[in-house]
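Read through the structure below, which is laid out as structure tokens, and then see the notes.
Every read-out reported here was derived from the displayed coordinates using simple, explicitly stated rules and does not represent laboratory data. Just so we're clear, the structure is a prediction, and the values are computed from it rather than from any experiment. Virtual Cβ from ideal backbone geometry, glycine too; neighbours counted across all protein chains shown.
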Amino acid sequence: QDLRSTGYVARLGEGLLVSGPDGHTVVGTDGRAGAAIAASQQTPRISDDGTHVLANDPDGDLVYADSTGAPIATLKARSKNDSGYYPAGLVGTTAYASRPGTGRSVAWDVGTGAVRSLEGELGFVNAASGLGLSYAGGDAAGDGSRSCTILLELSSGRQLWRLCGPLRMLGFSDDGQYVLATGHVDGFRDWLFGSLVVVRASDGAIVLQGGGLQADAEDDVVGARMGADHQLTVQVWNGDRRSLQRCGLDGACEVVGAARPLPNPGVPAEPGPYILSEN
């Protein structure tokens, strides 16, 4: 029952990885729960081919595991007082993770154990494009005008663009050609962008906005992902119900999942009735 009300689902190997009360659990094709991968509630990252997962444990250690949940390698946090690592993603056998609060990240070769320090705090990486999104700090208590995200080339560290403003990045499209973001960011005085913003990776241009500027706006987008076909799958919130829609970059949408009530209407932040897979 606990796993059926999960807020996170990703394809891993021939089964799924889902969040639950004890961390993230591998679920086989028979529906049986298998190994738990770490116990942190930080979002795990799945490799591009779905065969490996990168997660962090309660001590902040970075754990690289196979599709059954069996650990293959671990990168220990620097000290007990260290915040440890937040996983950003996998590109081949290189694991990327941020060191929160330090302005730094690491690139960890899980085969050799070599660790390279990187500037900026990586939030997401994309294996198909070799790009990463790095948070550049800012004024979360103000208007967000100095809160910036940098798109960089992972192989060289070269910055491709810097986008500043009250936006929180949600990740890449599958092919890395677009970046998804939301303008609904806690801590900023005013929301200047809608609940879904699509940014073109090649030049940082905003090509699509969806949802309103208020938390209770009609047809508010509460979850989205984009495949390599550049079609968006979005979960749309309207009152105490949510529907599932498919949308193009031209803004045209069609309903693919009828509006259904939230399992707990009094707590709109809880998951359901639809959960979008992470991959």
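For the pair ASP48 and ASP22, how long in nm is the line joining their label points, each one 7 Å along Cα→Cβ?
Distance between label points: 3.4 nm.
For the range 12-129, take every pair of Cα atoms, bin their distances at 10 Å starting from 0, and report each bin as a whole percent.
15, 48, 30, 6, 0
Tell me, what is the FRET efficiency for ALA36 and THR102 to the nearest 0.05, using R0 = 35 angstrom and their Cβ-Cβ distance as r?
0.80
So for the chain, considering every pair of alpha-carbon atoms, how many percent are separated by more than 22 Å?
59
Given R₀ = 22 Å, what would the calculated FRET efficiency be for GLU153 paired with ASP175, taking r from the Cβ atoms and rounding to 0.05?
0.90
Per residue Cα convex hull volume for the range 55-187, in cubic angstrom?
So the per-residue Cα hull volume is 121 Å³.
Which value in nm describes the separation of the simple spin-label points at SER83 and ASP229, placed 7 Å from the Cα toward the beta carbon?
Distance between the two pseudo-spin positions: 3.9 nm.
Suppose R0 equals 25 Å. What FRET efficiency, 1/(1 + (r/R0)^6) with r the Cβ-Cβ distance, do ALA259 and ARG11 give to the nearest 0.05?
Using R0 = 25 Å, I get an efficiency of 0.45.
Using a basic spin-label model with each label point 7 Å from the Cα along Cα→Cβ, how many nm lie between ARG246 and LYS76?
With each label point 7 Å from Cα toward Cβ, the separation is 5.0 nm.
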